[in-house]
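The values are calculated or read from the model by the stated rules, or taken from the named source; none is laboratory data. None of these values were measured; they are calculated from a predicted model. With ideal geometry, Cβ positions are generated from the backbone for all residues, glycine too; neighbour counts draw on all protein chains shown.
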Amino acid sequence: MNAQNSFLSQDGSVYMGEKAETLKVRLLDYISSYRGKVLFFREIHAMDDTFFVNEKTHSIATTTDCLIHNSLRGKTCNFFDHSRYDSFHGTSLEPHLKREKVTSVTMVGVETHTSVLFTAESLRNRDYPVKVIEPCCMSRDDYMHSCAVSLMANSLGVRIGS
């Protein structure tokens with residue numbers, strides 16, 4: 001879950017407004033009743049990262065955009081930084097999942113059409129059953145959110161839940 005200031009703080013560079021406020025409440029409620037281990041992901045971009053040539057506006061390394069939002073700090077047992085939409089790229093996520101003997105993954109988070117979608121796709125390619133809690137996922141663009149949910153459900157076999 002990318003639960004950082006860039007999306008969820010009023011001072012964040014791509015603050016999601018009312019969507020952010022709604023999502024924070026939903027995430028806190030969901031995490032407080034979730035019985036599994038919670039992993040947070042933090043999206044970090046370097047100014048010279050050519051992958052994000054169109055999105056050099058948020059989550060720039062060394063800014064407060066990269067910090068986990070205050071309301072969600074302390075709610076995780078593990079933390080991973082990533083610089084691509086796919087949370088496996090350049091991270092120790094895969095060895096972590098194997099070491100912890102994870103057999104399925106439930107996902108929530110920000111930007112359904114990027115980080116959630118591409119990480120779900122990588123999980124499915126590794127044969128993990130994946131469930132996405134749709135009310136706990138949002139995108140700045142509602143159309144792209146809907147497309148991502150449809151792709152995950154209809155192409156990847158991700159279970160979409162509430």
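State whether the residues of the range 85-105 include one that is in contact with a Cys (Cβ under 9 Å, 6 or more places away or on another chain) and at pLDDT below 95.
First, pick out the residues of the range 85-105 that are in contact with a Cys (Cβ under 9 Å, 6 or more places away or on another chain): none.
No, every residue in the range 85-105 fails to be in contact with a Cys (Cβ under 9 Å, 6 or more places away or on another chain) and at pLDDT below 95.
Is at least one residue of the range 112-120 within 12 Å of Phe41 (Cβ to Cβ) and of a type outside the set (Ser, Thr, Tyr)? Even if it seems obvious, please write down each step before you answer.
Going through the range 112-120, the residues within 12 Å of Phe41 (Cβ to Cβ) turn out to be 114-116, 118-119.
Among the residues that remain, those that are also of a type outside the set (Ser, Thr, Tyr) are: 116, 118.
Yes; the residues of the range 112-120 include at least one that is within 12 Å of Phe41 (Cβ to Cβ) and of a type outside the set (Ser, Thr, Tyr).
State which residue is nearest to the chain's Cα centre (by Cα) when the search covers only the range 61-113 and only residues that are outside any helix (DSSP H, G or I), among the polar types (S, T, N, Q) and under 23 Å from Val149 (Cβ atoms).
Step one: filter the range 61-113 for residues outside any helix (DSSP H, G or I), giving 61-63, 67-69, 73-92, 100-111.
Filter once more, so that each one left must be among the polar types (S, T, N, Q): 62-63, 76, 78, 83, 87, 91-92, 103-104, 106.
Narrowing further to those that are under 23 Å from Val149 (Cβ atoms): 87, 104, 106.
Values: Ser87: 8, Ser104: 16, Thr106: 11 Å.
The qualifying residue nearest to the chain's Cα centre (by Cα) is Ser87.
So which residues in the range 109-148 are surrounded by fewer than 24 Cβ atoms within 10 Å (Cβ to Cβ), touching a strand residue (DSSP E or B) at 6+ places or on another chain (Cβ under 6 Å) and β-branched (Val, Ile, Thr), if there are any at all?
Val130, Ile133
Which of the residues belonging to the range 114-148 are more than 20 Å from Asp29 (Cβ to Cβ), in a helix (DSSP H, G or I) and not polar (S, T, N, Q)?
Correct list: Leu117, Phe118, Ala120, Glu121, Leu123, Arg124, Asp142, Tyr143, Met144, Cys147, Ala148.
Give the residues of the range 135-147 that are more than 19 Å from Lys37 (Cα to Cα) and either touching a residue at least 40 places away in the same chain (Cβ under 8 Å) or under 13 Å from the mean Cα position of the chain (by Cα) (or both), sorted by residue number. Outline the logic, then answer.
Start the filter on the range 135-147 by keeping residues that are more than 19 Å from Lys37 (Cα to Cα), which leaves 135, 138-147.
Within the range 135-147, Pro135, Met138, Ser139, Arg140, His145 meet the criteria.
Could you check how many residues of the range 31-54 are assigned to a helix (DSSP H, G or I) and buried (at least 16 other Cβ atoms within 10 Å of the Cβ)? Steps first, please.
Going residue by residue through the range 31-54, those that are assigned to a helix (DSSP H, G or I) are 31-33, 50-52.
Add one more test, that the residue is buried (at least 16 other Cβ atoms within 10 Å of the Cβ), and what stays is 31, 52.
Within the range 31-54, residues that are assigned to a helix (DSSP H, G or I) and buried (at least 16 other Cβ atoms within 10 Å of the Cβ) number 2.
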